[in-house]
Amino acid sequence: MSQFFSRVNTYRQHNFMCDRDVYYLGSRSRSKKMRKNIKHTYIYYILFILLSPILLSEAKAENITFAQAVEAAWAADPSRTELNTNYRSAAARAEAAGSWFAGGPTVSGQYFDDHAIGSNEGYTTYQGGVSVPFWLPGQGSATVGVARAEALTIQERLHVARMAVAMRVLDTSANVVMAQRRLAIARIQKDTLEKIRASVIHGKHIGEMTLADQQIIASEIANAANEYSQSEEQVETATSALRILLGRPAVPDILSFDNVALAHHGLFSAEALENNDPRVSAARQAVHTAEAGVHLAKTSFMPNPEVGVAAVHEKQYGSPWDDRVGVTVSIPLPSDVRNVPMEADARNKLAAAISQEQQARRNVRQELAQVFSHLTATKDMFRNSVLSAENMNRRANEMNRSWQVGETSLVELLRARSAASSALQLRNQAEVAWHAAIIRTLIAAGEFQ
């Protein structure tokens, strides 16, 4: 029960109820039965608006924090497994590059016999050897540097993927909250119109209402039923998308983030946010990897030389010995046919990485400007939408009083209530957008990395 009242106070603090007498049809009525139905409608609306977000979330999903939702979505994200595998592979390549030799050993063997040319002197030679390639000066450390840089690049890509997951969680959670609120408003609108129809039917029986009024309210109820069905579909679609994203049925609490949370976490300068953005960090690390590749290409100015040992066993006529052991050295010479394309490819990769870093900085800089401007705009829109919803609700109440005394037609009353419902819907959208903009700002600050 204490949790319930805590949630009620939270919704009141966020101005969830625009006005205490929203949809209240007034204390006056054409008959005692109409006044009773109207009173029940008002009480039911108040209880439903307070309870529906809690009941919808607790009946179908557990309540978790946004940080917990990001962790759950990251744990269930398919790209995380792929990137982790790539990182382990790059780390293994870096470890393998620290070998003493530039490659594996080469084993060679030769056999010569004079019988193949028709001689019968018995000249035979058996020759075998083993050699290993050696690193060129600086080539080994450059190879290790490239492998380690690739591992760091993949690690930065993991941060980028996690940031993307956090933004998907935010967008999907906002859709769920907005869909639930739309469904609550549609349910109240539908039930309110049902109560009005009962009053109109009763008034028609006693001669106070006309058949045209009954037809009008029937049409409005049909439209409200369509809106309710669409809202149910939206809730199911949004909830299913969030459940798949998180890997479990849960709805993160995004409405708890406000200006206090923003001030508590603190904000950095736009330049600091740009430099700390995972996308910029990943692009910068890609440049370092490309630079390491250029250095490796320069140190690989020729094929790796090979040094080894060889042994010869001979059977020859009149030979004073038949076994020999020696050292073999193989040194391929540099060639532009090999070196120029290799170095050109490395320089091209570096140029592409630098270009991508500059583009990433531009994109992040533009996105940060949009994030901060959107934060300011949504705050103003939320404040203005609250005032608009309150005024539209007051207008609907005044129209209801006028209708009760016969000064306003039913059509005008229904239009006023529809306008009040639309204003409340826009107010809810502005509120959710404001909270989402705060979280998006925190994501840009690296809060959920």
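The values are calculated or read from the model by the stated rules, or taken from the named source; none is laboratory data. This is a predicted model, so every value here is computed, not measured. All Cβ positions, even for glycine, are placed from backbone atoms using ideal geometry, and neighbour counts span all protein chains on display. Heads up: the accessible areas ignore ligands, DNA and RNA and are worked out on the full protein's heavy atoms, side chains in. Shrake-Rupley method; radii C 1.70, N 1.55, O 1.52, S 1.80 Å.
Taking the range 398-433 as the search range and keeping residues that are assigned to a helix (DSSP H, G or I), open to solvent by 40 Å² or more (accessible area, probe 1.4 Å) and not β-branched (Val, Ile, Thr), which one is farthest from Ser219 (Cα to Cα)? Selected residue: Gln429. Contact map, the range 324-344: first residue surrounded by 13 or more Cβ atoms within 10 Å (Cβ to Cβ), second residue among the hydroxyl-bearing types (Ser, Thr, Tyr), Cβ cut-off under 6 Å, separation 6 or more or different chains; pairs are Thr328/Ser131.
So Lys204 ticks every box in (1) open to solvent by less than 60 Å² (accessible area, probe 1.4 Å); (2) more than 27 Å from Ala433 (Cα to Cα) but one. Which box is left unticked? Among (1) open to solvent by less than 60 Å² (accessible area, probe 1.4 Å); (2) more than 27 Å from Ala433 (Cα to Cα), the lone unmet condition for Lys204 is (1). For Val200, the requirement of being in a helix (DSSP H, G or I) and at pLDDT 90 or above is not met.
Just to be sure before I move on: is Met163 open to solvent by 30 Å² or more (accessible area, probe 1.4 Å), within 30 Å of Asn276 (Cβ to Cβ) and touching a residue at least 24 places away in the same chain (Cβ under 8 Å) in the structure I sent? Full working, then the answer.
Details: open to solvent by 30 Å² or more (accessible area, probe 1.4 Å): no; within 30 Å of Asn276 (Cβ to Cβ): yes; touching a residue at least 24 places away in the same chain (Cβ under 8 Å): yes.
The answer is no for Met163.
With the structure loaded, tell me whether Arg395 is of a type in the set (Lys, Arg), under 30 Å from Met209 (Cα atoms), touching a residue at least 24 places away in the same chain (Cβ under 8 Å) and open to solvent by 60 Å² or more (accessible area, probe 1.4 Å) or whether it fails that test. Spelling it out, Arg395 is indeed of a type in the set (Lys, Arg), under 30 Å from Met209 (Cα atoms), touching a residue at least 24 places away in the same chain (Cβ under 8 Å) and open to solvent by 60 Å² or more (accessible area, probe 1.4 Å). Restricting the first member to the range 353-382 and to residues that are of a type in the set (Val, Ile, Thr), and the second to residues that are open to solvent by less than 60 Å² (accessible area, probe 1.4 Å) and not in a helix (DSSP H, G or I), the beta-carbon pairs closer than 8 Å and six or more apart or on different chains are Val364/Asp277.
Residues are listed down the side, and each one gets a yes or a no for (1) open to solvent by 70 Å² or more (accessible area, probe 1.4 Å); (2) in contact with a Lys or Arg (Cβ under 9 Å, 6 or more places away or on another chain); (3) modelled with pLDDT of 85 or more; (4) aliphatic (A, V, I, L, M):
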{"position": "Asp19", "(1), (2), (3), (4)": "no, yes, no, no"}
{"position": "His40", "(1), (2), (3), (4)": "yes, yes, no, no"}
{"position": "Ala72", "(1), (2), (3), (4)": "no, yes, yes, yes"}
{"position": "Arg88", "(1), (2), (3), (4)": "yes, no, yes, no"}
{"position": "Gly98", "(1), (2), (3), (4)": "no, no, no, no"}
